[in-house]
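Student: Dumping the structure here so I can ask a few things about it.
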Amino acid sequence: MRRRAFITLIGGAAAWPLAARAQQDSRIRHVVVWIGGGANDPTSQQRAVTFRDTMRGLGWIDNQNVKIDVRFPTTNSAEETRAAAAELAAFNADVIVTTGAPILGALHRLTKTVPIVFTLVTDPVTDGFVASLARPGGNITGFTIFEHSFAGKWLEMLKEAVPSITRVAVMQNSDHPAWTTYLHAIGAVASGMGVEVTPAPVNSPAEIQAAIEAFAPVPNGSLVLLPSPVVTAHREVIANAALRHGLPSIYLARMYAVSGGLMSYGIDLNEPYRQAAAYVDRILKGAKPADLPVQAASKFEMVINLKTAKALGLTIPPTLLARADEVIE
């Protein structure tokens, strides 16, 4: 073989990996996003907009170098969650973004290879989704909203707002992975306050109505609404029923107080989708979920709905109003 031909052959071989990488990098990536709440929920739609806008700011343009499929639940039932997880896993997408523990748990059982970035999960270590917060160790990482003990804080704040309460119904999806852990955290706080805790697992609007109607007749009752798909999707049903039966209520985020709940304390639910987009960007550029630490929320806001308070005949203590980040009048 002539020397010039040999050098050309070697040079061409060296270029093959570069060409292959360039071709790989130029393909349209596929990101699937599962957002709880429902397609007709304005707050869920806003989360989708937040994610898309953040991705665009990072250079990922939908239908140019990335295809972003956003999916919403319709019934929030356990059956739908399992079916949705199977569908998401079957996409074999470059990254899946999820909302909440139920869908993440179903996906965790189905795939150990597709990168998953979760949002709005309380305790991914206890639930077995990651090995540790610092080093997740598998195909899953993401962003937590608070620890389970945070649920006790809700009861403390509700008691401060309405000192007369002696009973609390705790409502969440019955199949939520953290159901019993939340109950334990609330029970530990309630025992020192002289507050009786009534579990109210629900999975549909009919069950919500039935649970509230069964709980309401005894006086001095209240509601703590835990993070879950059914609470998010039917927050207005819950708020209206609570108001009708004279039950003060507290939730995890502003949108619930805006929908008629008495109070909320928690994070801005749009922020995890900005953070998730940043992690998706890093994964699409080669990072591994196993090496991206799970990050915890650090900023919380309190919202009080004075309109609801007046409808319930309550006077919120001035000290609590002074600490509120927003008062709805």
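Only the coordinates and a few stated rules stand behind these numbers; no lab work does. Keep in mind that what you see is a predicted model, and the values were worked out from it rather than measured. As a convention, Cβ positions derive from the backbone with ideal geometry for all residues, glycine included, and neighbour counts pool all protein chains shown.
Student: Which residues among region 178-212 fall inside the zone where the amide N is under 19 Å from a point 7 Å beyond the Cα of Ala83, along Cα→Cβ?
Tutor: Under 19 Å, as judged by backbone N against the label point of Ala83, lie 203-206 of region 178-212.
Student: Additional query: Amide H of Val66 versus every other amide H placed in the peptide plane: which residues, excluding those fewer than 5 positions away on the same chain, fall under 5 Å?
Tutor: Arg29, Ile61
Student: Further, regarding this structure: Taking H as built 1.01 Å from N, whose amide H comes closer than 5 Å to the amide H of Arg71, not counting residues under 5 places away?
Tutor: Val33, Trp34, Ile35
Student: Ok, one more. Glu196's amide H: which non-local residues (gap 5+, or another chain) put their own amide H closer than 5 Å, with H modeled 1.01 Å from N in plane and none for Pro or chain starts?
Tutor: Arg167, Val168
Student: Using Cα pairs closer than 8 Å and at least 6 residues apart in sequence, work out the relative contact order for region 62-147, in percent. Intermediate values should be presented prior to the final figure.
Tutor: On the way: 106 pairs, mean separation 19.7, N = 86.
In percent, rounded to a whole number, it is 23.
Student: Using only alpha carbon pairs under 8 Å that are at least six residues apart, calculate the relative contact order of the chain and give it in whole percent. Let's see the in-between values first.
Tutor: On the way: 608 pairs, mean separation 60.0, N = 329.
That works out to 18 percent.
Student: Let me ask something else about it. I need the calculated FRET efficiency for the pair Glu329 and Thr75, taking r as the beta carbon distance and R₀ as 30 Å, to the nearest 0.05. Please report the intermediate quantities before stating the final value.
Tutor: On the way: r = 35 Å, r/R0 = 1.17.
Computed FRET efficiency for Glu329 and Thr75 comes out at 0.30.
Student: Compute the length gained on full extension between Asn63 and Lys307: take 0.36 nm times their separation in residues and subtract their Cα-Cα distance, giving the result in nm to one decimal. Don't skip to the end; give the middle numbers.
Tutor: Details: separation 244, 0.36 × 244 = 87.84 nm, distance 4.44 nm.
Full extension from Asn63 to Lys307 adds 83.4 nm.
Student: What angle do you read, to the nearest 10 degrees and between 0 and 90, between the alpha-carbon axis of helix 101-110 and the longest principal axis of the chain?
Tutor: With rounding to tens, the tilt is 40 degrees.
Student: Now for a different question. Can you tally the net charge around Arg274? Count Lys and Arg as +1, Asp and Glu as -1, for every other residue whose Cβ sits under 15 Å from the Cβ of Arg274. Numbers along the way, then the final one.
Tutor: Details: positive: Arg47, Arg52, Arg56, Arg282, Lys299; negative: Asp53, Asp268, Glu271, Asp281.
With Lys, Arg at +1 and Asp, Glu at -1, the neighbours total +1.
Student: While we're looking at this one, here's another question. Per residue, how much space in cubic angstrom lies within the convex hull of the C-alpha atoms of region 60-138?
Tutor: On the way: hull volume 8.6 nm³, N = 79.
It comes to 109 Å³ per residue, whole-number rounded.
Student: So what's the projected area for region 169-240, the Cα convex hull averaged over all directions, in nm²? Before the final figure, lay out the partial values.
Tutor: On the way: hull surface 18.4 nm².
Mean orientational projected area (region 169-240, Cα hull): 4.6 nm².
Student: Ok, one more. Just need the Rg to Rh number for region 242-329, please, alpha carbons only, Kirkwood Rh. Present the calculation step by step, with values, prior to reporting the outcome.
Tutor: Details: Rg = 17.8 Å, Rh = 15.0 Å.
Taking Rh as the inverse mean 1/r over Cα pairs, Rg/Rh reads 1.19.
Student: Pulled fully out, how much extra length does the chain show between Met193 and Lys285, if you take 0.36 nm times their separation in residues and subtract their Cα-Cα distance? It would help to have the intermediate numbers written out before the result.
Tutor: On the way: separation 92, 0.36 × 92 = 33.12 nm, distance 5.12 nm.
Result: 28.0 nm gained on full extension.
Student: For the chain, find the longest principal axis of its Cα atoms and tell me its angle to the long axis of helix 235-244, 0 to 90°, nearest 10.
Tutor: 0 degrees
Student: Relative to the longest principal Cα axis of the chain, at what angle does helix 42-57 sit, 0 to 90 degrees, rounded to 10?
Tutor: 30 degrees
Student: Can you work out the Karplus-derived ³J(HN,Hα) for every residue in region 176-190? Use 6.51 cos²θ - 1.76 cosθ + 1.60 with θ = phi - 60°, whole Hz, and x for glycine or proline.
Tutor: Ordered by residue, 3J(HN,Hα) equals 5, x, 9, 3, 5, 5, 4, 4, 4, 5, 5, x, 5, 7, 4 Hz.
Student: Please report the spacing between the Cα centers of region 297-329 and region 266-281 in Å, no decimals.
Tutor: Taking the Cα centre of each part, region 297-329 and region 266-281 sit 25 Å apart.
Student: Moving to a separate point now. Which one, (i) 143; (ii) 163; (iii) 191, gives volume of the Cα convex hull per residue in Å³ as derived from the coordinates shown?
Tutor: Evaluating volume of the Cα convex hull per residue in Å³ on these atoms matches (i).
Student: For a quick check, take a GNM of the chain with Cα springs below 10 Å and name the residue from Thr315, Thr50, Thr122 with the largest mean-square fluctuation.
Tutor: Thr315
Student: Now a separate question. Taking the Cα centroid of region 188-236 and of region 157-174, what is the distance between the two, rounded to the nearest whole Å?
Tutor: 8 Å
Student: Using 0.36 nm times the number of residues separating Phe91 and Glu213, minus their current alpha carbon distance, what extension gain do you get? If you can, show how the numbers build up before the last one.
Tutor: Values: separation 122, 0.36 × 122 = 43.92 nm, distance 4.25 nm.
Taking Phe91 through Glu213 to full extension adds about 39.7 nm, to one decimal.
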